[in-house]
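Colleague: First the structure, which I've put down as structure tokens, then a few questions once you've had a look.
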């Protein structure tokens, strides 16, 4: 897995001050994507244990709210093992931080039959607080939306959604 960028003090991709990790690689290639450069699976720097250490160090200050993982596409099969390793470490070492993940896949695609399903998918979903799901659709673009780019995308409270078996929207 490659990392396109890490934003240390991000306030755009979830509530509060966050560390946002942009993974590389995306096959969705949504027209109008804000991060086209991260479509390439080899863009940026290789993900290493040092990358994990850096993210954990940046998450440590008391004012940090959480981790956001986006891309690129965190749920591309090639990225899931690395994303899972990172989130597991955050959960173990910074349990008071929330975890948001942005995906062009819908939750139905991630839990059903799709190219995104791997041996890591279910565990990954179980560790996420909020999943922002759905491809960016340029015709649905709305710059007034909070934490998403197009009206079709949902902010799912993933623990409540998985427990109830139906979509539960996040509401701060």
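Colleague: Condition check: at negative phi and buried (at least 19 other Cβ atoms within 10 Å of the Cβ). Does residue 162 satisfy that?
Modeller: Spelling it out, it is not the case that residue 162 is at negative phi and buried (at least 19 other Cβ atoms within 10 Å of the Cβ).
Colleague: Something else: Residue 72 versus (1) at pLDDT 95 or above; (2) more than 14 Å from the chain's Cα centre (by Cα): which is the lone unmet condition?
Modeller: Condition not satisfied by residue 72: (2).
Colleague: If I filter the range 119-131 for residues that are over 16 Å from residue 75 (Cα atoms), over 13 Å from the mean Cα position of the chain (by Cα), in a loop (DSSP other than H, G, I, E, B) and free of Cβ contacts under 8 Å to residues at least 12 places away in the same chain, do I get at least one hit?
Modeller: no
Colleague: Separate question: Taking the range 133-154 as the region of interest, how many residues are in a strand (DSSP E or B) and in contact (Cβ under 8 Å) with a residue 60 or more places away in the chain?
Modeller: Count: 1.
Colleague: In addition: Could you please give the count of residues in the range 2-31 that are over 14 Å from the mean Cα position of the chain (by Cα), under 22 Å from residue 114 (Cβ atoms) and in contact (Cβ under 8 Å) with a residue 40 or more places away in the chain?
Modeller: The qualifying residues number 4.
Colleague: Residue by residue through the range 8-60, note down the ones that are out of contact with any helix residue (DSSP H, G or I) (no Cβ under 7 Å at 6 or more places or on another chain), farther than 19 Å from residue 131 by Cβ and surrounded by 16 or more Cβ atoms within 10 Å (Cβ to Cβ). Before you say what the answer is, go through the steps one by one.
Modeller: Start the filter on the range 8-60 by keeping residues that are out of contact with any helix residue (DSSP H, G or I) (no Cβ under 7 Å at 6 or more places or on another chain), which leaves 9-18, 20, 27-28, 30, 33-40, 42, 44-46, 48-51, 53-54, 57-58, 60.
Keeping just the survivors that are farther than 19 Å from residue 131 by Cβ gives 9, 11, 17, 36-37, 39-40, 42, 44-46, 48-51, 53-54, 57-58, 60.
Hits for the range 8-60 are 39, 44, 51, 54, 58.
Colleague: Any chance the range 97-110 includes a residue that's more than 23 Å from residue 167 (Cα to Cα), more than 14 Å from the chain's Cα centre (by Cα) and at pLDDT 95 or above?
Modeller: So far as the range 97-110 goes, no, none of its residues is more than 23 Å from residue 167 (Cα to Cα), more than 14 Å from the chain's Cα centre (by Cα) and at pLDDT 95 or above.
Colleague: Failed condition for residue 159, given (1) assigned to a helix (DSSP H, G or I); (2) under 20 Å from residue 51 (Cβ atoms), with all others met?
Modeller: Only one criterion is unmet by residue 159, namely (2).
Colleague: Looking at the structure I just gave you, is residue 95 surrounded by fewer than 22 Cβ atoms within 10 Å (Cβ to Cβ), within 22 Å of residue 4 (Cβ to Cβ) and without any contact (Cβ under 8 Å) to a residue 60 or more places away in the chain?
Modeller: Values: surrounded by fewer than 22 Cβ atoms within 10 Å (Cβ to Cβ): yes; within 22 Å of residue 4 (Cβ to Cβ): no; without any contact (Cβ under 8 Å) to a residue 60 or more places away in the chain: yes.
Criteria not met by residue 95.
The values are calculated or read from the model by the stated rules, or taken from the named source; none is laboratory data. Given the structure is predicted, the values throughout are model-derived calculations rather than measurements. Reconstructed Cβ throughout: ideal geometry from the backbone, glycine too, with neighbour counts over all protein chains shown.
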